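The values are calculated or read from the model by the stated rules, or taken from the named source; none is laboratory data. Nothing here was measured: the structure is a model prediction, and the numbers come from that model. As a convention, Cβ positions derive from the backbone with ideal geometry for all residues, glycine included, and neighbour counts pool all protein chains shown.
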């Protein structure tokens with residue numbers, strides 16, 4: 001093969017082509033994974049073997065990366081290698097990478113019912129626009145980027161609905177070896193994430209008086225024309241939970257708590273999936289539908305009753 005290139009050279013060609021096909025935030029994520037993980041290891045390689053990739057995986061596991069993070073890196077690696085093969089820059093043969101068996105079944109972080117009531121009651125008694133964002137997330141399951149991008153015009157108090165059509169995030173780019181960041185507001189990550197969610201009667205009681213006086217183009221969390229970004233809002237939330245004496249819970253735990261309360265209320269799984277904006281119902285089932293001990297006992301008793 002006379003047209004061989006190094007992995008570094010191929011990755012740069014791939015990035016230029018990919019920029020024309022995917023969202024800015026997506027190419028930013030690909031770029032970070034490539035710069036942080038792949039180029040330091042494979043940058044000068046003109047061929048990459050399955051054994052080398054397997055060793056790479058073991059090394060990343062030793063460094064403490066999760067299997068999901070490593071698999072995301074491998075997806076980018078495969079895309080670059082397939083691109084290089086198509087262009088005739090290297091030979092690529094699909095590799096079969098092994099991961100250790102994961103025995104620990106990690107539990108989702110979810111608020112207890114008592115803590116959730118405590119937070120929601122506190123927000124009703126101590127209203128601020130930023131506190132309202134936490135209440136919204138507990139009532140609708142919004143992601144942090146979605147609530148940061150929410151404007152008053154997205155809230156329809158007449159029909160009792162909130163429209164989710166934007167997300168906000170800070171993305172990274174590398175130009176001439178210099179890393180830069182940029183705050184962007186864009187469409188959500190999948191078409192299913194563009195959705196409408198009904199508002200509870202309690203939430204409507206809070207929102208209706210405000211809708212009469214706010215500027216519809218302002219962001220909900222700031223009530224200004226300028227938004228707050230996820231990192232800043234995450235810190236605000238962390239301090240709020242600390243002040244309330246609530247055990248540590250990641251911001252995404254608010255979304256998990258919303259979904260869990262829906263499941264506990266016997267809401268059908270398809271509806272929960274649509275409310276959350278999941279790409280398919282299997283994501284919802286895998287995350288939230290885990291029979292507890294009482295449900296297991298009930299199933300066994302029903303089975304034996306049927307035998308009688």
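Can you tell me which residue in the range 190-223 is modelled with the lowest pLDDT, limited to those that are in a loop (DSSP other than H, G, I, E, B) and under 28 Å from residue 279 (Cα atoms)? Don't jump to the end; show me each part of the working.
We begin by selecting, within the range 190-223, every residue in a loop (DSSP other than H, G, I, E, B); these are 190, 194, 199-200, 212-218, 220-223.
Filter once more, keeping what is under 28 Å from residue 279 (Cα atoms): 190, 194, 199-200, 220-221.
Details: 190: 83, 194: 94, 199: 96, 200: 95, 220: 97, 221: 97.
In this case the residue turns out to be 190.
Would you mind listing the strands (runs of 3 or more DSSP E) fully within the range 114-186 where at least 2 residues are farther than 18 Å from residue 250 by Cα and at pLDDT below 95?
On the way: elements: 161-164, 167-175, 178-186.
Here the list reads 167-175, 178-186.
Test each condition in (1) within 30 Å of residue 28 (Cα to Cα); (2) modelled with pLDDT of 95 or more; (3) within 24 Å of the chain's Cα centre (by Cα); (4) not in a strand (DSSP E or B) for residue 246 and report the one that comes out false.
It is condition (1) that residue 246 fails.
Of the residues 220, 272, which single one is under 15 Å from residue 142 (Cβ atoms), touching a helix residue (DSSP H, G or I) at 6+ places or on another chain (Cβ under 8 Å) and not assigned by TED's automatic domain parsing to the domain that holds residue 145?
Details: 220 fails: not assigned by TED's automatic domain parsing to the domain that holds residue 145.
The match here is 272.
Just wondering, is there one or more residues in the range 169-177 that are in contact with a helix residue (DSSP H, G or I) (Cβ under 8 Å, 6 or more places away or on another chain) and either outside the structural domain of residue 213 (by TED's automatic domain parsing) or at positive phi (or both)?
Filtering the range 169-177 down to residues in contact with a helix residue (DSSP H, G or I) (Cβ under 8 Å, 6 or more places away or on another chain) leaves 169-174.
Retained after the next criterion (residues that are either outside the structural domain of residue 213 (by TED's automatic domain parsing) or at positive phi (or both)): none.
No, the range 169-177 contains no residue that is in contact with a helix residue (DSSP H, G or I) (Cβ under 8 Å, 6 or more places away or on another chain) and either outside the structural domain of residue 213 (by TED's automatic domain parsing) or at positive phi (or both).
Checking the condition more than 28 Å from residue 189 (Cβ to Cβ) and either assigned by TED's automatic domain parsing to the domain that holds residue 171 or in a helix (DSSP H, G or I) (or both), which residue from 55, 17 passes?
55
Go through the range 270-286 and give me each residue that's assigned to a helix (DSSP H, G or I) and either surrounded by fewer than 19 Cβ atoms within 10 Å (Cβ to Cβ) or touching a residue at least 24 places away in the same chain (Cβ under 8 Å) (or both). Lay out the reasoning, then the answer.
Initial filter on the range 270-286 (assigned to a helix (DSSP H, G or I)): 270-276, 281-286.
Residues satisfying the conditions are 270, 271, 274, 275, 276, 281, 282, 283, 284, 285, 286.
Would you point out which residue out of 98, 107 is part of a loop (DSSP other than H, G, I, E, B) and either modelled with pLDDT of 90 or more or assigned by TED's automatic domain parsing to the domain that holds residue 166 (or both)? Give the steps one after another, and end with the answer.
Details: 107 fails: either modelled with pLDDT of 90 or more or assigned by TED's automatic domain parsing to the domain that holds residue 166 (or both).
Being part of a loop (DSSP other than H, G, I, E, B) and either modelled with pLDDT of 90 or more or assigned by TED's automatic domain parsing to the domain that holds residue 166 (or both) holds for just one of 98, 107, which is 98.
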